[in-house]
1. Calculate how steeply helix 235-244 sits against the longest principal axis of the alpha-carbon atoms of the chain, using the helix alpha-carbon long axis, and give the answer as 0 to 90 degrees to the nearest 10.
2. Straight-line reach only, C-alpha to C-alpha below 12 angstrom: list the aspartates and glutamates that LYS328 could link to, leaving out same-chain residues fewer than 8 apart.
3. Quick one: Debye curve from the alpha-carbon atoms of segment 63-139 only, equal weights, vacuum; give me log10 I(q)/I(0) at q = 0.11, 0.21, 0.27 Å⁻¹ to two decimals.
4. Rounded to the nearest 10 degrees, what's the angle between the helix 325-337 long axis and the longest principal axis of the chain, both from Cα atoms, 0 to 90?
5. Hey, which lysines would be in cross-link range of LYS100, C-alpha to C-alpha under 25 Å, not counting anything within fewer than 8 residues on its own chain?
6. For segment 160-299, what is the number of Lys pairs with C-alpha distance below 26 angstrom, counting only pairs 8 or more positions apart or on separate chains?
7. Quick one: order GLU339, GLU254, GLU165 by neighbouring beta-carbon count within 10 Å, fewest to most.
8. I need the Debye-formula profile for the chain: one equal scatterer per C-alpha, no solvent, reported as log10 I(q)/I(0) at q = 0.15 1/Å, two decimals.
Amino acid sequence: MRFDCGRRKFIAAAAALALIVSLSRFSGTAIATTLSSVEARCPASGKSFTAVSVLSTNSLGGTDWDFLVRPDGAYPQLFSIWTCPYDGFSAYAEDFASAKVDPSLLGKLSKPPLTEEEKSSPDSQWAISFHIKIDNAAVYYESMGKNDKFMGDLYTLGGWLARIENVKLDIDRGQSFADRLESLVPDEYKDKQLKMFEMFFVLGSMLERDADPSDPAYGLDMLFAAEFFRLSGEHLIAEELLDDISDDASLVKEVAAVRTLIGYERKYQKLAVERYSAALRNREIPGESICDVTFLAAELSRRIGDYAAASKFFGNVMRMDECPKTAKELAAEIVKSSELD
């Protein structure tokens, strides 16, 4: 199949890029993400709850090709949306206090499945699923008539939250597996400061190559390789590896858990592409943002497997005067390595 060939070339190309593009780190102590608990009042129910405010963060983990900025420490994106633990009303933190909520809206929201104790807990925001936050925020902002660019950004955030969500595999493979992973990484990578998505990608590709179908641990190796690819953002590759072990009865629960997060990421990426496409078609993007939006539409299209759309959007990036040289070069490399041309 054509994508399989492209996938193998893409792995090699990504590895080459990883050697060239290194992550700059601050010397000394890094500035970690710092969080603060703040008292918030739900504009729908009027009830108070504890929200989380981001005081500072960093970009030491690098930036994914769809603009997910990865920190060293907690992801600030987890707290971009505040959600009332009582009725589910959700909005960006900066919009929460001033939000005007039509009572008819509440019936369209998903209530977080929390106990009364969890609702009143200072950790309630940690306990609410990311997809409830995004879906409920979408209901609110749609009711406010937000434009396609705004909604595309919200759904892009949803895709990021699905990617960084931890899968609870409850499998401890011990120190020997960690030592094996380290041994699989080629020496030329060990002295490089890779971006986080590159690191996950390299680990996934090396583990996949080393997995032996005759080994009793083959299923686990492919499961972990798939999870590394998912964490890197390449969920189509992860899905292929999961298909390979779909008949392993001992891993049904774990495979389903990874597939669920892949499903959410793909869902939000498809919605984002739809809204960005509409925004570009309707010329509602300001000049300073048109390159970023076009690149996002291209990269998200590639990630969900719509290669025709990805090729079209990347071609636009390479031709647009508004796009800097770095964006055009990256677009050209992705088109070449993914065989989109």
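1. With rounding to tens, the tilt is 60 degrees.
2. ASP292
3. Taking Cα atoms of segment 63-139 as identical point scatterers yields -0.32, -0.97, -1.31.
4. 60
5. LYS47, LYS108, LYS111, LYS119, LYS133, LYS146, LYS149
6. Pairs that pass both the separation and distance tests number 8.
7. Details: GLU339 15, GLU254 23, GLU165 19.
Ranking GLU339, GLU254, GLU165 by Cβ neighbours within 10 Å, fewest first, gives GLU339, GLU165, GLU254.
8. -1.40
Here, each number is a calculation from the coordinates, and none is a lab measurement. Since this is a predicted model, take the numbers as computed values, not measurements. With ideal geometry, Cβ positions are generated from the backbone for all residues, glycine too; neighbour counts draw on all protein chains shown.
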